[in-house]
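Notes for the one structure printed next.
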Amino acid sequence: ENNWGDGLRDILSRWLNKHQGNILYKDLFEKNLASTSFRLLLHEKNKGKGAALRTGIEETSGDILLIQDADLEYDPFEYPKLLTPILNGDAEVVFGSRYLGETRRVLNFRHTHINKILTLMSNFLSNLNLTDMETCYKVFKSSIIKTISLKSDRFGFEPEITAKLAHLGCIIYEVPISYSGRTYEEGKKIGVRDALMAFWYIFKYNLFPGQIVKDLKTQDTYRMSEAVNYNREIFNNIKDYCGQRILEAAAGIGSFTSLFKNKHEVTATDIDKTSLAILSNRFQTSLNVELQKWDLTSVVPVEISNTKYNTITAINVLEHIEDDVTVLKQFNSILPEKGNLVVMSPSSKFLFSRLDTKLGHKRRYSKKELKQKLEAAGFKIKKIFNYNMPGFLGWLLFIKIFNKDLIPKSEIRLFDLFARYYLPLERRLFKPPFGLSVIAIAEKETN
C-alpha cells in the first residue's frame with residue numbers, strides 16, 4: 001500500500017512527464033530565463049519527511065543544499081536572502097526564521113507557541129540561541145550536511161539536524177523570512193503526536209546523539225575530542241618540542257589544531273572530506289591556521305614543500321598507513337636540520353582488537369619498533385615513552401576481553417574526569433612501564 005493520501009506522487013509524475021525533466025524558470029538573481037533539469041525520486045511507500053530528505057541529500061551534487069517544503073508556506077523568491085550568508089562566506093548553515101519581524105499571516109496561537117517552546121528546549125540543551133528551530137527553511141553547505149548521520153524518518157529531522165549541527169560546532173546564521181502558513185482546514189497535517197515526538201527527539205539527540213557523522217573513524221575522533229582533559233595533557237607532554245610553525249599531519253577534526261593555534265602557526269592537513277569540511281568550519285576565521293588537502297602516501301604538495309616548518313606532528317596517524325617508514329622519510333624531507341617530529345601512536349601489540357580493524361589501524365607499536373622505524377627514516381630519538389597506563393587497562397578489559405567495538409561516550413567522560421588528575425602525575429613524577437599509547441620526540445639528524 002502506497003499511502004500517498006494527498007496525491008502528490010501522481011501530481012509530480014505528471015508534471016515531470018509534461019516538462020520531460022526540464023523547465024524554463026525566471027532566475028532569481030539574473031532576472032532572465034534559464035533551463036534547469038529535475039529528477040523525481042520516489043520511495044515505494046511514504047516513509048516521512050526525514051526519510052525523503054536523507055534520499056535527497058544523498059543524490060545532490062551541488063555546493064549548497066536548500067530544503068523547501070512542498071506546501072509553499074515559505075516563499076521561493078526569498079532564496080537569495082537565505083543563500084547570502086553562505087555565499088558571503090559567513091555561514092555554514094542558514095535557518096530561515098518566522099519570528100524575526102517579517103510581515104506574516106496571523107495563525108493558530110497554540111501551534112505557534114508550541115514551536116517556540118520546542119525552540120527554547122532545543123536552545124537550552126544545544127546552547128544555541130535560535131529563534132525558530134522548527135523552521136522548514138534550512139540551507140546547508142553540502143560538504144557539511146552530507147557528512148552528518150541522520151536517522152529520523154518523520155518530523156524528527158528538525159531537532160535531530162539542529163542538535164548534530166550544534167555538536168559539530170557549525171556556524172549557523174538566521175535570516176527573517178515571510179510565512180504564509182496553512183490551517184488544518186487547508187490541509188496542514190502535523191499534529192499533537194508530532195509535537196510530543198519532537199520533545200523526545202530534542203532530548204534524545206542533544207543528550208544521546210549516537211553517531212553524528214557517517215564516517216566511523218571521524219566519529220571516533222569526534223568522540224575523543226570531547227575528552228578535553230586527556231587531549232590537553234597530551235599537548236602538555238609535547239608543547240615544549242613544538243616550534244613556531246607546525247605541520248599537522250592528518251589533523252582530523254582539529255582537536256589539537258585548536259590547542260596549537262593560540263601560540264603557533266599551523267598548517268592542518270587531511271585527506272578525508274568529512275574532516276576537511278569540519279576543519280574548514282572550525283578554523284575559517286583563525287588567522288594562525290591554514291588548511292591543506294594532503295594524502296600522506298602521495299607526493300608532498302608544493303604549498304607544503306615550499307614552506308619552512310620547525311615541527312611536524314603525527315598524532316594517531318602512523319597506525320593507519322601501510323608503508324609507515326616511507327611516510328616518515330617524507331616527513332624527514334620536509335623538516336630542516338634539527339627540526340622535530342612528534343609522533344603518538346597506539347601501543348602494545350597484543351591489545352590489537354576488532355575495534356582497531358574497524359578504525360583502519362594496520363598495527364599497534366612497541367617502543368622498540370617505533371624507535372627503529374624513526375631511525376630508519378633518518379631521525380634521532382630525543383625522547384620516547386609509554387603513555388596512559390589506565391587507558392591500557394580499560395582497553396584490555398572493555399575492548400580486548402569484552403570485545404566492544406565502540407567506546408561509550410559515558411566511559412569517555414568518566415575517563416576524562418579521571419585523566420584530569422592522574423595524567424599530570426605520569427608527566428611530572430614517573431613514566432609508566434606500559435601504556436595505551438607511545439609518544440616519541442625525534443629530531444632530523446644533520447648530514
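The values are calculated or read from the model by the stated rules, or taken from the named source; none is laboratory data. As the structure is a computational prediction, the values presented were derived from the model and not from experiment. Every residue, glycine as well, gets a Cβ built from its backbone with ideal geometry; the counts of neighbours run over all protein chains shown. Accessible surface areas use protein heavy atoms only, side chains included; no ligands, DNA or RNA. Shrake-Rupley method; radii C 1.70, N 1.55, O 1.52, S 1.80 Å.
When the residues of the stretch 243-260 are narrowed to those that are touching a Phe, Trp or Tyr at 6+ places or on another chain (Cβ under 7 Å) and surrounded by fewer than 21 Cβ atoms within 10 Å (Cβ to Cβ), which ends up nearest to E443 (Cα to Cα)?
Looking at residues that are touching a Phe, Trp or Tyr at 6+ places or on another chain (Cβ under 7 Å) and surrounded by fewer than 21 Cβ atoms within 10 Å (Cβ to Cβ), I get R245.
Would you say K116 is farther than 14 Å from A163 by Cα and open to solvent by 60 Å² or more (accessible area, probe 1.4 Å)? Break it down into steps so the answer makes sense when it comes.
Values: farther than 14 Å from A163 by Cα: yes; open to solvent by 60 Å² or more (accessible area, probe 1.4 Å): yes.
So K116 fits the description; yes.
Can you find even one residue in the stretch 330-345 that is open to solvent by less than 40 Å² (accessible area, probe 1.4 Å) and either basic (K, R) or farther than 27 Å from E303 by Cα (or both)?
No, the stretch 330-345 contains no residue that is open to solvent by less than 40 Å² (accessible area, probe 1.4 Å) and either basic (K, R) or farther than 27 Å from E303 by Cα (or both).
Suppose we filter the stretch 61-101 for residues that are in a loop (DSSP other than H, G, I, E, B), more than 17 Å from E134 (Cα to Cα) and either in contact with a strand residue (DSSP E or B) (Cβ under 7 Å, 6 or more places away or on another chain) or at pLDDT 85 or above (or both); how many remain?
Counting residues in the stretch 61-101 that are in a loop (DSSP other than H, G, I, E, B), more than 17 Å from E134 (Cα to Cα) and either in contact with a strand residue (DSSP E or B) (Cβ under 7 Å, 6 or more places away or on another chain) or at pLDDT 85 or above (or both) gives 7.
With respect to I399, determine if the residue is at negative phi, of a type in the set (A, V, I, L, M) and open to solvent by less than 30 Å² (accessible area, probe 1.4 Å).
Spelling it out, I399 is indeed at negative phi, of a type in the set (A, V, I, L, M) and open to solvent by less than 30 Å² (accessible area, probe 1.4 Å).
Looking at (1) open to solvent by less than 40 Å² (accessible area, probe 1.4 Å); (2) touching an Asp or Glu at 6+ places or on another chain (Cβ under 7 Å), which is the only condition N288 fails?
Here N288 clears every test but (1).
Considering only residues that are open to solvent by 50 Å² or more (accessible area, probe 1.4 Å) and part of a loop (DSSP other than H, G, I, E, B), look in the stretch 120-139 and name the one that is farthest from Y99 (Cα to Cα).
N127
Out of everything in the stretch 368-404 that is within 21 Å of F331 (Cα to Cα) and in a loop (DSSP other than H, G, I, E, B), what residue ends up being farthest from the chain's Cα centre (by Cα)?
G378
Looking at the stretch 382-398, can you tell me whether even one residue there is closer than 20 Å to R354 by Cβ and in contact with an Asp or Glu (Cβ under 8 Å, 6 or more places away or on another chain)? Steps first, answer last, please.
Quick first cut of the stretch 382-398, residues closer than 20 Å to R354 by Cβ only: 391-398.
Pick out the ones that are also in contact with an Asp or Glu (Cβ under 8 Å, 6 or more places away or on another chain) and you get 394, 398.
Among the residues of the stretch 382-398, at least one is closer than 20 Å to R354 by Cβ and in contact with an Asp or Glu (Cβ under 8 Å, 6 or more places away or on another chain), which makes the answer yes.
Looking only at the stretch 43-60, count every residue that is at pLDDT 90 or above, touching a Phe, Trp or Tyr at 6+ places or on another chain (Cβ under 8 Å) and open to solvent by less than 20 Å² (accessible area, probe 1.4 Å) and tell me the total.
The total comes to 1.
Can you find even one residue in the stretch 321-328 that is at pLDDT 95 or above, out of contact with any helix residue (DSSP H, G or I) (no Cβ under 8 Å at 6 or more places or on another chain), surrounded by fewer than 20 Cβ atoms within 10 Å (Cβ to Cβ) and assigned to a helix (DSSP H, G or I)?
yes
Before we move on, is R354 basic (K, R), open to solvent by less than 70 Å² (accessible area, probe 1.4 Å) and either touching a Lys or Arg at 6+ places or on another chain (Cβ under 7 Å) or more than 25 Å from R232 (Cα to Cα) (or both)?
no
Among (1) without any contact (Cβ under 8 Å) to a residue 12 or more places away in the chain; (2) at positive phi, there is one condition G360 misses while meeting the rest; what is its number?
(1)
Does any residue in the stretch 381-393 that is in contact (Cβ under 8 Å) with a residue 60 or more places away in the chain and of a type in the set (A, V, I, L, M) come within less than 7 Å, Cβ to Cβ, of a residue that is buried (at least 20 other Cβ atoms within 10 Å of the Cβ) and part of a helix (DSSP H, G or I) six or more places away or on a different chain, and which pairs are these?
Listed pairs, sorted by first residue: I381/L374.
For the stretch 309-330, which positions are polar (S, T, N, Q), under 27 Å from the mean Cα position of the chain (by Cα) and over 18 Å from S366 (Cβ atoms)?
Passing the criteria: T311, T313.
Report those strands (runs of 3 or more DSSP E) wholly inside the stretch 236-294 carrying at least 1 residues which are touching a Pro at 6+ places or on another chain (Cβ under 7 Å).
Values: elements: 245-248, 265-270, 289-293.
In the stretch 236-294, the matching strands (runs of 3 or more DSSP E) lie at 289-293.
Please enumerate the residues belonging to the stretch 427-442 that are open to solvent by less than 30 Å² (accessible area, probe 1.4 Å) and not in a loop (DSSP other than H, G, I, E, B).
S437, V438, I439, A440, I441, A442
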